[in-house]
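No value in this document is a laboratory result; all are computed from the given coordinates. The model shown is predicted, which means the values in this text are computed figures rather than measured ones. All Cβ positions, even for glycine, are placed from backbone atoms using ideal geometry, and neighbour counts span all protein chains on display.
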Amino acid sequence: FERTYGKVKPRIGDWDQSTKHHKSTEKEYVYKPKEKEETYILIDAYNVIFSWKELSDIAETDIQAARDRLVEIVSHYRSSVDMQIIVVFDAYKVENHKREVIKYQGISIVYTKQAETADQYIEKTVSDMAKKYKVIVVTSDATEQIIIQSKGCILISSREFELEVKNVEKEISEKLSNISSKEKSYISDYMKDI
């Protein structure tokens, strides 16, 4: 028989002679939890500065102060959300400027290179990142919005982002006031014993 048909090999479903167990014909399913998808937020910085009243008022007298205030607001926001944040500033009019990336309090600040706008940088970055990550873009630029949505990214207008930031700040304030009120009552409890 073996000369004619070859060596006899066990088939799926046959008895396993070594363990005396019947082999299952079905593959065993192993549950693999889905890995958490990392989220990135790209912010068109000057678009946000000139859309928010607080920042545009500052920008009228000192654009650097408006940039600093935006970075401060965004880094504070970053401390309460589990997302990577990239703030993109145009430096396309600065002669001989090379792209510059600065890490500051958990956020990345990008100054584009000469002849590169923030929109161009965001479009290129979104094309690369959208395949691997969940990407949210903050801008109110109409042309940019169309391009961003065509890449499958989430779009948030500068005004919507302002409301989101204010809501998060409000939540943080409420949590802090709850903590401080609990501590006061806890300390006061001890003071009664003295």
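Length gain on complete extension for the stretch Lys9 to Ser79, per 0.36 nm per residue less the alpha carbon to alpha carbon distance? Intermediate results must be reported in sequence, preceding the final value.
Details: separation 70, 0.36 × 70 = 25.20 nm, distance 6.10 nm.
That works out to 19.1 nm of additional length.
Estimate the FRET efficiency between Lys98 and Thr143 by the formula 1/(1 + (r/R0)^6), using the beta-carbon distance for r and 41 Å for R0, to the nearest 0.05.
With R0 = 41 Å, the Cβ-Cβ based efficiency is 0.95.
Using alpha carbons only, how many angstrom separate the centre of the range 58-99 from the centre of the range 113-170?
14
Can you order the peptides 58-65, 113-120, 37-44 by their average number of other Cβ atoms within 10 Å per residue, highest first?
37-44, 113-120, 58-65
Find out how many positive minus negative residues lie around Val110, taking Lys and Arg as positive, Asp and Glu as negative, among other residues whose Cβ is under 12 Å from that of Val110.
Net charge around Val110: +1.
Taking one equal scatterer on every alpha-carbon of the range 26-175, how large is log10 of I(q)/I(0) by Debye at q = 0.09 1/Å?
Debye curve over Cα of the range 26-175, log10 I(q)/I(0) at q = 0.09 Å⁻¹: -0.31.
Per residue of the range 49-64, what does 6.51 cos²θ - 1.76 cosθ + 1.60 with θ = phi - 60° give for ³J(HN,Hα)? Whole Hz please, x for Gly and Pro, Karplus curve as stated.
With the stated coefficients, the range 49-64 comes to 4, 7, 9, 8, 4, 3, 6, 5, 5, 5, 4, 4, 9, 8, 5, 5 Hz.
With respect to the cross-link table entries Lys131/Lys170; Lys124/Lys166; Lys134/Lys175, which display a Cα-Cα separation exceeding 32 Å?
As for pairs spanning more than 32 Å Cα to Cα, those are Lys131/Lys170.
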